[in-house]
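Heads up: the structure comes next, in C-alpha coordinates.
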2 protein chains.
Amino acid sequence: MPTDDLQHLRRAIALSQEGMEREDGGPFGAVIVKAGRVVAEGNNRVVVDADPTAHAEVVAIRRACAELGDFSLAGAVLYASCEPCPMCLAAAYWSRVDRVVFAGGRQDAAAIGFDDAFFYEQLPLPIEQRSLPMTQQLRDEAVVPMRAWQAKQDKTLY
Amino acid sequence: MPTDDLQHLRRAIALSQEGMEREDGGPFGAVIVKAGRVVAEGNNRVVVDADPTAHAEVVAIRRACAELGDFSLAGAVLYASCEPCPMCLAAAYWSRVDRVVFAGGRQDAAAIGFDDAFFYEQLPLPIEQRSLPMTQQLRDEAVVPMRAWQAKQDKTLY
(Lines give C-alpha, C1' and ligand atoms only; values in the text may rest on other atoms or scores of the structure.)
Protein backbone atom coordinates (compact mmCIF):
# COMPACT_ATOMS: atom_id res chain seq x y z
CA MET A 1 0.00 0.00 0.00
CA PRO A 2 1.45 3.40 -0.99
CA THR A 3 2.50 5.37 2.06
CA ASP A 4 0.25 8.31 1.18
CA ASP A 5 -2.88 6.16 1.27
CA LEU A 6 -3.50 6.63 4.99
CA GLN A 7 -3.03 10.40 4.71
CA HIS A 8 -5.63 10.70 1.91
CA LEU A 9 -8.02 8.32 3.64
CA ARG A 10 -7.77 10.35 6.86
CA ARG A 11 -8.63 13.46 4.82
CA ALA A 12 -11.72 11.67 3.46
CA ILE A 13 -12.74 10.85 7.03
CA ALA A 14 -12.18 14.48 8.08
CA LEU A 15 -14.41 15.58 5.19
CA SER A 16 -17.13 13.22 6.43
CA GLN A 17 -17.01 14.96 9.81
CA GLU A 18 -16.97 18.48 8.35
CA GLY A 19 -19.88 17.80 5.98
CA MET A 20 -21.97 16.36 8.77
CA GLU A 21 -21.26 19.38 10.99
CA ARG A 22 -22.32 21.74 8.16
CA GLU A 23 -25.47 19.62 7.74
CA ASP A 24 -24.72 19.07 4.06
CA GLY A 25 -25.95 15.49 4.32
CA GLY A 26 -24.75 12.16 5.67
CA PRO A 27 -21.33 11.62 7.29
CA PHE A 28 -19.35 10.63 4.22
CA GLY A 29 -16.26 12.08 2.54
CA ALA A 30 -14.10 11.29 -0.49
CA VAL A 31 -10.83 12.38 -2.07
CA ILE A 32 -9.45 11.75 -5.56
CA VAL A 33 -5.70 11.71 -6.11
CA LYS A 34 -3.86 11.46 -9.41
CA ALA A 35 -0.09 11.32 -9.74
CA GLY A 36 0.29 12.31 -6.11
CA ARG A 37 -1.89 15.41 -6.45
CA VAL A 38 -5.27 15.83 -4.73
CA VAL A 39 -7.50 16.56 -7.73
CA ALA A 40 -10.81 16.84 -5.90
CA GLU A 41 -12.50 16.44 -2.54
CA GLY A 42 -16.15 15.88 -1.77
CA ASN A 43 -18.61 15.14 0.96
CA ASN A 44 -22.21 14.00 0.95
CA ARG A 45 -24.42 16.92 -0.17
CA VAL A 46 -27.76 15.12 -0.57
CA VAL A 47 -29.60 17.44 1.80
CA VAL A 48 -28.03 20.79 0.98
CA ASP A 49 -28.22 20.18 -2.78
CA ALA A 50 -31.57 18.33 -2.67
CA ASP A 51 -29.86 15.73 -4.86
CA PRO A 52 -30.03 12.02 -3.99
CA THR A 53 -27.03 11.35 -6.26
CA ALA A 54 -24.78 13.81 -4.40
CA HIS A 55 -22.91 11.17 -2.43
CA ALA A 56 -19.35 12.03 -1.45
CA GLU A 57 -17.78 9.79 -4.11
CA VAL A 58 -20.03 11.08 -6.92
CA VAL A 59 -19.38 14.68 -5.85
CA ALA A 60 -15.61 14.04 -5.85
CA ILE A 61 -15.70 12.19 -9.20
CA ARG A 62 -17.68 14.99 -10.84
CA ARG A 63 -15.34 17.64 -9.43
CA ALA A 64 -12.22 15.70 -10.44
CA CYS A 65 -13.49 15.27 -14.01
CA ALA A 66 -14.38 18.97 -14.18
CA GLU A 67 -10.90 19.84 -12.87
CA LEU A 68 -9.20 17.59 -15.44
CA GLY A 69 -11.66 18.24 -18.29
CA ASP A 70 -11.88 14.50 -18.86
CA PHE A 71 -14.59 11.91 -18.28
CA SER A 72 -11.87 9.38 -17.46
CA LEU A 73 -10.04 9.23 -14.15
CA ALA A 74 -7.70 6.47 -15.30
CA GLY A 75 -4.53 6.70 -13.23
CA ALA A 76 -6.37 8.14 -10.23
CA VAL A 77 -7.26 6.68 -6.83
CA LEU A 78 -10.57 7.17 -5.01
CA TYR A 79 -10.42 7.42 -1.21
CA ALA A 80 -13.75 7.10 0.59
CA SER A 81 -14.54 7.37 4.29
CA CYS A 82 -17.00 4.48 3.87
CA GLU A 83 -17.37 1.63 1.42
CA PRO A 84 -18.99 3.05 -1.72
CA CYS A 85 -22.69 2.23 -2.10
CA PRO A 86 -23.64 0.45 -5.36
CA MET A 87 -24.29 3.81 -7.07
CA CYS A 88 -20.87 5.11 -6.07
CA LEU A 89 -19.06 1.86 -6.78
CA ALA A 90 -20.54 1.70 -10.29
CA ALA A 91 -19.63 5.40 -10.71
CA ALA A 92 -16.06 4.47 -9.74
CA TYR A 93 -16.05 1.74 -12.39
CA TRP A 94 -17.43 4.15 -15.03
CA SER A 95 -14.84 6.75 -14.03
CA ARG A 96 -12.06 4.20 -14.65
CA VAL A 97 -10.15 5.01 -11.45
CA ASP A 98 -7.27 2.59 -10.90
CA ARG A 99 -8.30 1.59 -7.39
CA VAL A 100 -10.46 2.42 -4.37
CA VAL A 101 -9.40 2.72 -0.73
CA PHE A 102 -12.17 2.93 1.86
CA ALA A 103 -12.50 2.95 5.64
CA GLY A 104 -15.95 2.17 7.08
CA GLY A 105 -17.97 -0.76 5.74
CA ARG A 106 -21.48 -1.11 4.33
CA GLN A 107 -22.59 -2.64 7.63
CA ASP A 108 -21.34 0.43 9.48
CA ALA A 109 -23.54 2.53 7.18
CA ALA A 110 -26.46 0.17 7.75
CA ALA A 111 -25.97 0.46 11.52
CA ILE A 112 -26.64 4.20 11.34
CA GLY A 113 -29.69 3.86 9.09
CA PHE A 114 -28.41 3.95 5.50
CA ASP A 115 -29.56 1.56 2.79
CA ASP A 116 -26.21 0.74 1.16
CA ALA A 117 -26.18 -2.91 2.27
CA PHE A 118 -29.85 -3.38 1.34
CA PHE A 119 -29.24 -1.97 -2.14
CA TYR A 120 -26.25 -4.33 -2.55
CA GLU A 121 -28.70 -7.16 -1.88
CA GLN A 122 -31.30 -5.75 -4.29
CA LEU A 123 -29.22 -5.15 -7.42
CA PRO A 124 -28.32 -8.77 -8.26
CA LEU A 125 -31.93 -9.92 -7.89
CA PRO A 126 -34.11 -10.71 -10.91
CA ILE A 127 -36.20 -7.63 -11.53
CA GLU A 128 -39.42 -9.31 -10.46
CA GLN A 129 -37.95 -9.95 -7.00
CA ARG A 130 -36.83 -6.39 -6.29
CA SER A 131 -38.57 -4.04 -3.87
CA LEU A 132 -38.54 -1.40 -6.63
CA PRO A 133 -41.13 -2.41 -9.27
CA MET A 134 -39.66 -2.55 -12.76
CA THR A 135 -41.20 -3.39 -16.12
CA GLN A 136 -39.74 -3.69 -19.62
CA GLN A 137 -41.63 -2.53 -22.72
CA LEU A 138 -40.86 -1.41 -26.31
CA ARG A 139 -37.47 -3.09 -26.48
CA ASP A 140 -37.69 -3.29 -30.29
CA GLU A 141 -38.08 0.48 -30.51
CA ALA A 142 -35.24 1.22 -28.11
CA VAL A 143 -32.64 -0.80 -29.97
CA VAL A 144 -33.06 1.30 -33.14
CA PRO A 145 -31.10 4.33 -31.84
CA MET A 146 -28.70 1.96 -30.06
CA ARG A 147 -27.85 0.30 -33.37
CA ALA A 148 -27.56 3.68 -35.06
CA TRP A 149 -25.01 4.64 -32.42
CA GLN A 150 -23.11 1.42 -33.03
CA ALA A 151 -22.93 2.23 -36.75
CA LYS A 152 -21.84 5.82 -36.14
CA GLN A 153 -18.23 6.31 -37.26
CA ASP A 154 -17.12 9.39 -35.33
CA LYS A 155 -18.48 8.58 -31.88
CA THR A 156 -16.62 9.08 -28.63
CA LEU A 157 -16.38 5.94 -26.53
CA TYR A 158 -16.39 6.16 -22.73
CA MET B 1 -49.77 -0.76 -16.77
CA PRO B 2 -50.95 2.87 -16.85
CA THR B 3 -51.88 3.95 -20.36
CA ASP B 4 -49.41 6.84 -20.37
CA ASP B 5 -46.45 4.53 -19.79
CA LEU B 6 -45.84 3.86 -23.47
CA GLN B 7 -46.03 7.56 -24.31
CA HIS B 8 -43.40 8.49 -21.71
CA LEU B 9 -41.20 5.54 -22.63
CA ARG B 10 -41.32 6.55 -26.30
CA ARG B 11 -40.24 10.05 -25.26
CA ALA B 12 -37.26 8.54 -23.41
CA ILE B 13 -36.35 6.62 -26.57
CA ALA B 14 -36.66 9.81 -28.65
CA LEU B 15 -34.32 11.56 -26.18
CA SER B 16 -31.80 8.76 -26.64
CA GLN B 17 -31.82 9.41 -30.39
CA GLU B 18 -31.61 13.20 -30.02
CA GLY B 19 -28.73 13.05 -27.54
CA MET B 20 -26.78 10.71 -29.76
CA GLU B 21 -27.28 12.99 -32.76
CA ARG B 22 -26.04 15.98 -30.76
CA GLU B 23 -23.03 13.87 -29.71
CA ASP B 24 -23.79 14.50 -26.03
CA GLY B 25 -22.80 10.93 -25.21
CA GLY B 26 -24.24 7.44 -25.54
CA PRO B 27 -27.71 6.68 -26.95
CA PHE B 28 -29.73 6.79 -23.74
CA GLY B 29 -32.70 8.88 -22.59
CA ALA B 30 -34.87 9.18 -19.49
CA VAL B 31 -38.03 10.91 -18.32
CA ILE B 32 -39.41 11.43 -14.83
CA VAL B 33 -43.15 11.82 -14.34
CA LYS B 34 -44.97 12.67 -11.13
CA ALA B 35 -48.75 12.92 -10.80
CA GLY B 36 -49.08 12.82 -14.57
CA ARG B 37 -46.68 15.70 -15.13
CA VAL B 38 -43.30 15.35 -16.86
CA VAL B 39 -41.01 16.78 -14.19
CA ALA B 40 -37.70 16.28 -16.00
CA GLU B 41 -36.09 14.79 -19.06
CA GLY B 42 -32.49 13.78 -19.60
CA ASN B 43 -30.12 12.08 -21.97
CA ASN B 44 -26.61 10.76 -21.58
CA ARG B 45 -24.19 13.71 -21.34
CA VAL B 46 -20.97 11.88 -20.39
CA VAL B 47 -19.01 13.26 -23.33
CA VAL B 48 -20.32 16.81 -23.56
CA ASP B 49 -20.14 17.33 -19.78
CA ALA B 50 -16.94 15.28 -19.32
CA ASP B 51 -18.80 13.60 -16.47
CA PRO B 52 -18.90 9.79 -16.20
CA THR B 53 -21.90 10.03 -13.86
CA ALA B 54 -24.01 11.98 -16.39
CA HIS B 55 -26.07 9.02 -17.51
CA ALA B 56 -29.58 9.79 -18.73
CA GLU B 57 -31.26 8.55 -15.56
CA VAL B 58 -28.90 10.45 -13.23
CA VAL B 59 -29.31 13.61 -15.31
CA ALA B 60 -33.11 13.25 -15.16
CA ILE B 61 -33.11 12.47 -11.42
CA ARG B 62 -30.93 15.50 -10.65
CA ARG B 63 -33.10 17.76 -12.80
CA ALA B 64 -36.32 16.43 -11.31
CA CYS B 65 -35.06 16.98 -7.77
CA ALA B 66 -33.91 20.50 -8.68
CA GLU B 67 -37.33 21.19 -10.21
CA LEU B 68 -39.16 19.92 -7.13
CA GLY B 69 -36.62 21.20 -4.57
CA ASP B 70 -36.67 17.81 -2.91
CA PHE B 71 -34.16 14.95 -2.68
CA SER B 72 -37.05 12.50 -2.74
CA LEU B 73 -38.92 11.51 -5.87
CA ALA B 74 -41.43 9.38 -3.99
CA GLY B 75 -44.58 9.20 -6.06
CA ALA B 76 -42.69 9.57 -9.34
CA VAL B 77 -41.95 7.12 -12.15
CA LEU B 78 -38.63 6.82 -13.99
CA TYR B 79 -38.81 5.94 -17.69
CA ALA B 80 -35.54 4.89 -19.29
CA SER B 81 -34.77 4.00 -22.90
CA CYS B 82 -32.52 1.20 -21.63
CA GLU B 83 -32.32 -0.84 -18.43
CA PRO B 84 -30.56 1.34 -15.85
CA CYS B 85 -26.93 0.40 -15.20
CA PRO B 86 -26.06 -0.38 -11.55
CA MET B 87 -25.16 3.27 -10.90
CA CYS B 88 -28.50 4.45 -12.28
CA LEU B 89 -30.52 1.70 -10.64
CA ALA B 90 -29.01 2.48 -7.24
CA ALA B 91 -29.66 6.18 -7.94
CA ALA B 92 -33.29 5.26 -8.64
CA TYR B 93 -33.46 3.44 -5.29
CA TRP B 94 -31.89 6.41 -3.47
CA SER B 95 -34.31 8.78 -5.22
CA ARG B 96 -37.25 6.73 -3.90
CA VAL B 97 -39.14 6.68 -7.21
CA ASP B 98 -42.19 4.43 -7.06
CA ARG B 99 -41.26 2.36 -10.09
CA VAL B 100 -39.09 2.11 -13.20
CA VAL B 101 -40.17 1.40 -16.79
CA PHE B 102 -37.41 0.65 -19.30
CA ALA B 103 -37.13 -0.48 -22.92
CA GLY B 104 -33.76 -1.89 -24.02
CA GLY B 105 -31.92 -4.43 -21.85
CA ARG B 106 -28.43 -4.59 -20.36
CA GLN B 107 -27.46 -7.09 -23.07
CA ASP B 108 -28.52 -4.62 -25.74
CA ALA B 109 -26.16 -2.08 -24.15
CA ALA B 110 -23.42 -4.72 -23.97
CA ALA B 111 -23.94 -5.52 -27.65
CA ILE B 112 -22.99 -1.95 -28.58
CA GLY B 113 -19.96 -1.81 -26.31
CA PHE B 114 -21.18 -0.59 -22.91
CA ASP B 115 -20.16 -2.15 -19.61
CA ASP B 116 -23.55 -2.21 -17.84
CA ALA B 117 -23.84 -6.01 -17.83
CA PHE B 118 -20.21 -6.44 -16.77
CA PHE B 119 -20.68 -4.04 -13.85
CA TYR B 120 -23.82 -5.96 -12.80
CA GLU B 121 -21.58 -9.03 -12.56
CA GLN B 122 -18.85 -7.16 -10.67
CA LEU B 123 -20.87 -5.52 -7.88
CA PRO B 124 -22.01 -8.65 -6.01
CA LEU B 125 -18.48 -10.13 -5.98
CA PRO B 126 -16.36 -10.15 -2.83
CA ILE B 127 -14.05 -7.16 -3.13
CA GLU B 128 -10.95 -9.30 -3.61
CA GLN B 129 -12.50 -10.83 -6.76
CA ARG B 130 -13.37 -7.57 -8.49
CA SER B 131 -11.50 -6.16 -11.48
CA LEU B 132 -11.32 -2.82 -9.63
CA PRO B 133 -8.80 -3.19 -6.78
CA MET B 134 -10.23 -2.19 -3.41
CA THR B 135 -8.72 -2.11 0.06
CA GLN B 136 -10.16 -1.27 3.48
CA GLN B 137 -8.15 0.61 6.12
CA LEU B 138 -8.80 2.79 9.19
CA ARG B 139 -12.31 1.48 9.83
CA ASP B 140 -12.05 2.40 13.52
CA GLU B 141 -11.40 6.04 12.63
CA ALA B 142 -14.21 6.23 10.07
CA VAL B 143 -16.91 5.04 12.43
CA VAL B 144 -16.33 7.94 14.84
CA PRO B 145 -18.10 10.58 12.68
CA MET B 146 -20.67 7.97 11.66
CA ARG B 147 -21.58 7.41 15.32
CA ALA B 148 -21.62 11.16 15.91
CA TRP B 149 -24.13 11.47 13.07
CA GLN B 150 -26.24 8.72 14.59
CA ALA B 151 -26.33 10.60 17.92
CA LYS B 152 -27.18 13.91 16.25
CA GLN B 153 -30.71 14.98 17.13
CA ASP B 154 -31.62 17.41 14.38
CA LYS B 155 -30.37 15.53 11.34
CA THR B 156 -32.23 15.19 8.06
CA LEU B 157 -32.70 11.58 6.98
CA TYR B 158 -32.71 10.67 3.29
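Summary table
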quantity: Residue tally, condition within 11 Å of B:Cys88 (Cβ to Cβ) and of a type in the set (Asp, Glu), over segment B:41-76; calculated: 1
quantity: Criterion: more than 7 Å from chain A (Cβ to nearest Cβ) and under 25 Å from B:Leu6 (Cβ atoms) - qualifying residue of B:Val100, B:Val144, B:Val59; calculated: B:Val59
quantity: Complete set of residues in segment A:117-129 that are surrounded by 16 or more Cβ atoms within 10 Å (Cβ to Cβ) and more than 9 Å from chain B (Cβ to nearest Cβ); calculated: A:Ala117
quantity: Subset of segment B:60-80 [out of contact with any strand residue (DSSP E or B) (no Cβ under 7 Å at 6 or more places or on another chain) and of a type in the set (Gly, Ala, Ser)]; calculated: B:Ala66, B:Gly69, B:Ser72, B:Ala74
quantity: Hits in segment B:28-50 - residues which are facing chain A (nearest Cβ under 9 Å) and either open to solvent by 10 Å² or more (accessible area, probe 1.4 Å) or over 15 Å from the mean Cα position of the chain (by Cα) (or both); calculated: B:Phe28, B:Val47, B:Asp49, B:Ala50
quantity: Filter pass, A:Thr53 being open to solvent by 10 Å² or more (accessible area, probe 1.4 Å), among the β-branched types (Val, Ile, Thr) and within 7 Å of chain B (Cβ to nearest Cβ); calculated: no
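The values are calculated or read from the model by the stated rules, or taken from the named source; none is laboratory data. Being a predicted model, the structure only gives us computed values, none of them experimental. Cβ atoms come from the backbone with ideal geometry, glycine included; neighbour counts cover every protein chain shown. Please note that ligands, DNA and RNA were not included when accessible areas were found on the heavy atoms of the full protein model with its side chains. Shrake-Rupley method; radii C 1.70, N 1.55, O 1.52, S 1.80 Å.
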